[in-house]
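Asker: Mind having a look at this structure? Questions to follow.
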Amino acid sequence: MEWTLQKIDLHIHTVPTISDANFTFSLAKLSEYVSSAELDAIAITNHDMFDLSQFNEIAKELDCVVFPGIEITLDKGHVLVISETENLDEFQLKTQAVSDKISAVGDSISVDELIQIFGNLNNYLLIPHYQKRPSISGDTLDQLGGYISAGEVDSPKKFIRMAKDEAEITPVIFSDVRICEDMNKFPTRQTYIDCGDISLNSLKHSLRDRHKVALSKSEGNSLFQVFDDGQKLSTGLNIVLGARSSGKTVTLTQISKDCENVKYIPQFSLVQRDDANYEKEFNADVARKKSTFADKHLSPFKTVLDDVLNIDIGINRRRVEDYLATLLKSAEEAEKLDAFSKVALFNEAQFEVGVDKALSDLVGSVRQLIENIEFREVIDKHVDVSNLKALACELIELLWAKAYERKKRSLVNDVVRDVKSKLQLRTSATQVKDVDLYKVMIEHKKVFRFNQIAKLLQTEKVIFEESFQGFKVVCKQRAFEGPGEIKNVSGQKVAFSDAFREYVSPYKYLVVLKENEALTPSEFYKYFSCIEYEILNKDGFKVSGGERSEFRLLQEIKDAQNFDYLLIDEPESSFDNLFLKGEANKMLKEISKTMPVVVVTHNSTVGASINADYIVYTSKEIESGRIVYKRYSGHPSDKELCSIEGEKISNFQVTMNTLEAGEDAYVDRRGGYESIKN
């Protein structure tokens, strides 16, 4: 059943500002856009400004409802503020106040300033950038509270995700277009809304109900418009069929060009063509993943290593020996002290001056509790934010007091050191050498624990294992077996032979590494444990050439979760049918539940077995003696596919001709299979 919906685009720019690239506005182009897109309502929302005379000119020319609005830079994010079509002089004055405050790139206003300028925000339609850059922060959204009617997104994927989540605000998708003279394509991002007569109040009322917004007029959120000629695609899994040179790849290329944040896997891009080069490329990819995983696994050890990097056990030992020797000698000379050596400061120990890291970290932790957005509700349920702020203030005051105390101790130490030095010059008595025995013991313990931890890292074991569509990724740690392996990890032309002789004793090994000036200390943590990263097939063996291609395709599909669209051009050109029917189809079907996926194919294993949500058939036809490229589309269950112009073609014939080489060939093959079945 077709919905009774209004088509709206409430985010249109007509004046270049400091936030835009320069463009020349064209009222004729805007009129053409409104007409071709069949828009029922638009809003003029220029960056941080409103041009009343231009707005009146636009509203007079267009055959649709035109709302006055402004896109405001609010706390570094953007929010659309749309007004009634009345009292425009008053709206002009308010928007001018915004323009006065935002006069340079980087300027913004606060929520308090927004309310001060516009008064009761309930009189306006507020739509912030939500899952679209630059987005409004969580704190700012909380401050705006119930004034928000919807959130603007920038792709069908995000629209669908928000539409399904009852905890989210209602999603809308708009063009955010700059209407200019040289436009050759019109945007396809608009929203359908069930609101009856169009007014600001009816829009606000309907937008607060997610079930009253949609991506398409007759198919709800299952289809969206992809091209400005009206061509639609499913928000799920799409199959593009067609004969050779009929426009299949052109269609994919156009989608990739017109849409943003697209993952495009071209034909043959993953197939193994040159064994040596392909293996080198595959191994380089594995090496990158191994390096990333190794850095993550060894990151805690790096902290431990950095803590002992500047510890010198040899120097500590000599300091203790000097302290004991001078202490004994001073005791022997106790009866022979002169006036200078009897001064109290002659053997005075200095104050310990350390950094209050624990207190500083505690201040940071409390601050994180105060500023956290993701778990705000849980935190507030157990701890009052005002108490947290009071705690933070008291801890900061304590930190300041300790810093002041530390500064005083440093000054006293300077005085004591200077006095001791001058007294020493005037006497032959033995002065007891300074040593911090507590620090020496702590550093000794740190080195002991460092050795234990490094030994554990050299113990062979599996540290990560993941099964992935018939493949297995296994990561292991073990001890290096020779200096050559360490050299490979370092990536430098440096000999590690001398250092490796001490490898069984981690601290001694670290000391030798430090002595090599060609090495960078920040990289030392990589030289203690060998991290192996392997990709195995279902039988537990390293992947073969063809399996490498299969694994890379699956990885590329998995990686598409970070994008808004996934396009694949003829995967059957590179892979066998069993793999496509199993692992590939399964992953494509799964990922299409969260984003639009478009697959070009002429293979029945992909085209028929995958159970697509929508079919697009490309056709090269002859009309009046010239070649014409057309697209027909529809659901797999439709008897006929329809073009944008309204022409129809048999879905059965399309399927037979593109996937089975015609009905006769399909019947012949089927009969042949039946004859050998038993």
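Asker: In region 88-113, which residues are more than 26 Å from ALA59 (Cα to Cα) and in contact with a helix residue (DSSP H, G or I) (Cβ under 9 Å, 6 or more places away or on another chain)?
Answerer: Answer for region 88-113, where residues must be more than 26 Å from ALA59 (Cα to Cα) and in contact with a helix residue (DSSP H, G or I) (Cβ under 9 Å, 6 or more places away or on another chain): LYS101, ASP107, SER108, ILE109, SER110, VAL111, ASP112, GLU113.
Asker: Only one of these is at positive phi, assigned by TED's automatic domain parsing to the domain that holds ILE173 and either within 30 Å of the chain's Cα centre (by Cα) or crowded, with 20+ Cβ neighbours inside 10 Å (or both): ASP75, ASP139. Name it.
Answerer: Answer to the selection: ASP75.
Asker: Still on this structure, I have one more. Would you pick out the residues in region 88-106 that are within 11 Å of MET49 (Cα to Cα) and either at pLDDT 95 or above or touching a strand residue (DSSP E or B) at 6+ places or on another chain (Cβ under 7 Å) (or both)?
Answerer: Hits for region 88-106 are PHE91, GLN92, LEU93, LYS94, THR95, GLN96, ALA97, VAL98, SER99, ASP100, LYS101, ILE102.
Asker: Search region 526-547 for residues being crowded, with 16+ Cβ neighbours inside 10 Å and free of Cβ contacts under 8 Å to residues at least 60 places away in the same chain, and hand back the single one that is farthest from PRO483 (Cα to Cα).
Answerer: Only one residue tops the list, namely CYS530.
Asker: Would you mention how many residues in region 419-447 are touching a helix residue (DSSP H, G or I) at 6+ places or on another chain (Cβ under 9 Å) and outside any loop (DSSP other than H, G, I, E, B)?
Answerer: 11
Asker: For region 320-330, indicate whether the set of residues that are farther than 30 Å from LYS508 by Cβ, at pLDDT below 90 and either of a type outside the set (Ser, Thr, Tyr) or surrounded by fewer than 16 Cβ atoms within 10 Å (Cβ to Cβ) (or both) is non-empty. If you could, list the steps in order and put the result at the bottom.
Answerer: Residues of region 320-330 farther than 30 Å from LYS508 by Cβ: 328-330.
This time we only want the ones that are at pLDDT below 90, so: 329-330.
Of the ones still in play, those that are also either of a type outside the set (Ser, Thr, Tyr) or surrounded by fewer than 16 Cβ atoms within 10 Å (Cβ to Cβ) (or both) are 329.
Within region 320-330 (the criterion being farther than 30 Å from LYS508 by Cβ, at pLDDT below 90 and either of a type outside the set (Ser, Thr, Tyr) or surrounded by fewer than 16 Cβ atoms within 10 Å (Cβ to Cβ) (or both)), the answer is yes, since at least one residue qualifies.
Asker: While we're here: Which members of region 378-418 meet the condition of being among the β-branched types (Val, Ile, Thr) and part of a helix (DSSP H, G or I)?
Answerer: Of everything in region 378-418, those that are among the β-branched types (Val, Ile, Thr) and part of a helix (DSSP H, G or I) turn out to be VAL378, ILE379, VAL385, ILE396, VAL412, VAL415, VAL416.
Asker: Go through (1) out of contact with any Ser or Thr (no Cβ under 9 Å at 6 or more places or on another chain); (2) more than 28 Å from ALA584 (Cα to Cα) for GLN458 and report which single condition fails.
Answerer: (1)
Asker: Within region 299-318, is even one residue under 30 Å from PHE563 (Cβ atoms) and either at pLDDT below 85 or assigned to a helix (DSSP H, G or I) (or both)?
Answerer: Scanning region 299-318 turns up at least one residue that is under 30 Å from PHE563 (Cβ atoms) and either at pLDDT below 85 or assigned to a helix (DSSP H, G or I) (or both).
Asker: With the condition kept exactly as written, say whether any residue in region 54-70 is in contact with a Ser or Thr (Cβ under 8 Å, 6 or more places away or on another chain) and polar (S, T, N, Q).
Answerer: Taking every residue of region 54-70 in turn, at least one turns out to be in contact with a Ser or Thr (Cβ under 8 Å, 6 or more places away or on another chain) and polar (S, T, N, Q).
Asker: Identify, please: which residue in region 142-182 is buried (at least 20 other Cβ atoms within 10 Å of the Cβ) and farther than 21 Å from GLY69 by Cβ and is, among those, farthest from the chain's Cα centre (by Cα)?
Answerer: ALA163
Asker: Kindly provide the set of residues from region 209-231 that are within 17 Å of LEU39 (Cα to Cα) and assigned to a strand (DSSP E or B), ordered by number.
Answerer: VAL213, ALA214, PHE224, GLN225
Asker: Being surrounded by fewer than 18 Cβ atoms within 10 Å (Cβ to Cβ) and either in contact (Cβ under 8 Å) with a residue 40 or more places away in the chain or more than 30 Å from PHE448 (Cβ to Cβ) (or both) is the requirement here; does GLU550 meet it?
Answerer: Working: surrounded by fewer than 18 Cβ atoms within 10 Å (Cβ to Cβ): no; either in contact (Cβ under 8 Å) with a residue 40 or more places away in the chain or more than 30 Å from PHE448 (Cβ to Cβ) (or both): yes.
Against the criterion (surrounded by fewer than 18 Cβ atoms within 10 Å (Cβ to Cβ) and either in contact (Cβ under 8 Å) with a residue 40 or more places away in the chain or more than 30 Å from PHE448 (Cβ to Cβ) (or both)), GLU550 does not qualify.
Yes/no per residue for (1) in the same structural domain as GLU465 (by TED's automatic domain parsing); (2) among the β-branched types (Val, Ile, Thr); (3) within 29 Å of PHE471 (Cα to Cα):
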position	(1), (2), (3)
GLU515	yes, no, no
TYR525	yes, no, no
CYS530	yes, no, yes
GLY545	no, no, yes
PHE551	no, no, yes
LYS558	no, no, yes
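Asker: Also, quick follow-up: Among residues belonging to region 497-548 that are assigned to a loop (DSSP other than H, G, I, E, B) and more than 21 Å from ASP312 (Cα to Cα), point out the one that is modelled with the lowest pLDDT.
Answerer: Among them, the one singled out is SER544.
Asker: Scan (1) within 34 Å of the chain's Cα centre (by Cα); (2) at pLDDT below 85 for the single condition GLU663 breaks and write down its number.
Answerer: (1)
Asker: Are there any helices (runs of 4 or more DSSP H) wholly within region 582-660 with 2 or more residues that are in contact (Cβ under 8 Å) with a residue 40 or more places away in the chain, within 41 Å of the chain's Cα centre (by Cα) and surrounded by fewer than 19 Cβ atoms within 10 Å (Cβ to Cβ), and if so which?
Answerer: It comes to 585-591.
The values are calculated or read from the model by the stated rules, or taken from the named source; none is laboratory data. This is a predicted model, so every value here is computed, not measured. Positions of Cβ are backbone-derived with ideal geometry, glycine not excepted, and every protein chain shown enters the neighbour counts.
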